[in-house]
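The values are calculated or read from the model by the stated rules, or taken from the named source; none is laboratory data. In this text the structure is predicted, and so the values were computed from the model without any measurement. We place every Cβ from the backbone using ideal geometry, glycine too, and count neighbours over all the protein chains shown. Accessible surface areas use protein heavy atoms only, side chains included; no ligands, DNA or RNA. Shrake-Rupley method; radii C 1.70, N 1.55, O 1.52, S 1.80 Å.
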Amino acid sequence: GFFFMAGFMVALTSMAREHRGVTHAEVTRRLLIRGFVLIIVDALIMGLPRALMGFYSFMVLTCIGVGIIATALLRDVSSRVLIPVALAILLLHPLLDVSWLPMPLQAMLYEPVRTGAFRSLYPIIPWIAILLLGFVVGRDCLQRERPAKLWAALAALSFAFFIAVRLYGGYGNAYSYSSVASVQFWEFSKYPPDLPFVAWSFGCIFLTLIVLAAVTRNGTPKLLRPFEVFGRVPFFFYIVHFYVLGIAAAILRTRFGLAETYLIWLLLLLIMIGPCAWYYRKKRERPNWITRYI
């Protein structure tokens with residue numbers, strides 16, 4: 001969902017800026033800067049705690065930054081080209097042999113690495129394909145009066161593909177299972193994403209888009225308006241909340257169950273409302289290069 005919506009929002013914001021009179025070249029330039037900012041922030045601000053622990057990790061912001069840069073350069077390419085390319089990456093990437101590459105490049109491009117001085121959880125392949133598909137779907141929805149119909153069809157197709165791939169249990173499945181009725185049937189791989197994980201996630205994403213489009217048809221309901229505080233400054237929220245969690249974890253030094261984790265999540269959201277609202281006011285009152293990209 002994170003990668004898909006990154007591409008989806010690139011499509012929406014790019015079109016909105018061009019409608020406001022921003023030139024096509026300037027929109028591309030801003031997207032490129034946005035991508036590089038994500039990479040730099042991940043390496044410096046987000047990477048500092050990891051560096052203190054003795055390793056560097058190629059994480060989600062860096063991978064999304066690379067994806068946004070690629071999308072900025074490819075956004076004029078027809079969907080008839082982008083869709084088969086992205087799907088080919090998702091479906092065929094397990095067949096790639098990158099063993100001849102140096103380990104850091106393997107980690108960045110293809111295979112998650114969890115130990116050593118250079119680690120990765122979000123290699124560019126295949127995550128960039130998910131971002132490109134999000135961009136295509138976002139661009140398409142701007143040209144449709146009722147995109148929810150297509151999203152419903154794509155959700156059904158995704159769930160059907162999930163069932164087919166998971167029942168087959170062979171190629172594309174990271175984990176086997178003993179029975180369809182077992183918990184093992186619902187165990188997928190995210191690092192790297194296997195085909196059941198991708199298919200199930202796409203189905204849930206399209207269903208979520210349908211629900212959000214329906215409930216916000218006449219504006220944001222009062223119940224959801226607090227979430228707009230975070231949505232206006234998502235990058236700021238993402239950076240700050242990691243440090244808030246890290247400080248809390250360092251103080252508490254304990255593990256919690258699922259119920260307690262949900263309560264901590266809600267508490268975190270309440271704590272973050274104030275800083276996010278403050279930063280949004282600063283973005284409006286004192287617009288500058290920093291507030292534009294963070």
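Being farther than 15 Å from Ala129 by Cβ, crowded, with 19+ Cβ neighbours inside 10 Å, among the aliphatic types (A, V, I, L, M) and in contact with a Ser or Thr (Cβ under 6 Å, 6 or more places away or on another chain) is a property that does not hold for Ala43. Going through the range 166-192 one residue at a time, which ones are open to solvent by 80 Å² or more (accessible area, probe 1.4 Å) and charged (D, E, K, R)? Once the filter is applied, which keeps residues that are open to solvent by 80 Å² or more (accessible area, probe 1.4 Å) and charged (D, E, K, R), the range 166-192 yields only Glu187.
Can you pull out every residue in the range 33-57 that is hydrophobic (A, V, I, L, M, F, W, C) and either farther than 27 Å from Arg75 by Cβ or touching a Leu at 6+ places or on another chain (Cβ under 8 Å) (or both)? Passing the criteria: Leu38, Ile39, Val41, Leu44, Ile45, Met46, Leu48, Ala51, Leu52, Met53, Phe55. The set of residues from the range 54-85 being among the hydroxyl-bearing types (Ser, Thr, Tyr) and without any contact (Cβ under 8 Å) to a residue 40 or more places away in the chain comprises just one member, Ser78. Does Phe202 satisfy the condition of being in contact with a Ser or Thr (Cβ under 7 Å, 6 or more places away or on another chain) and either open to solvent by less than 90 Å² (accessible area, probe 1.4 Å) or part of a helix (DSSP H, G or I) (or both)? So Phe202 fits the description; yes. Output the residues belonging to the range 132-149 that are under 29 Å from Gly65 (Cβ atoms) and assigned to a helix (DSSP H, G or I). Matches in the range 132-149: Leu132, Leu133, Gly134, Phe135, Val136, Val137, Gly138, Arg139, Asp140, Cys141. Within the range 95-124, restricting attention to residues that are surrounded by 18 or more Cβ atoms within 10 Å (Cβ to Cβ) and within 16 Å of the chain's Cα centre (by Cα), the residue that is farthest from Tyr56 (Cα to Cα) is Ile124.
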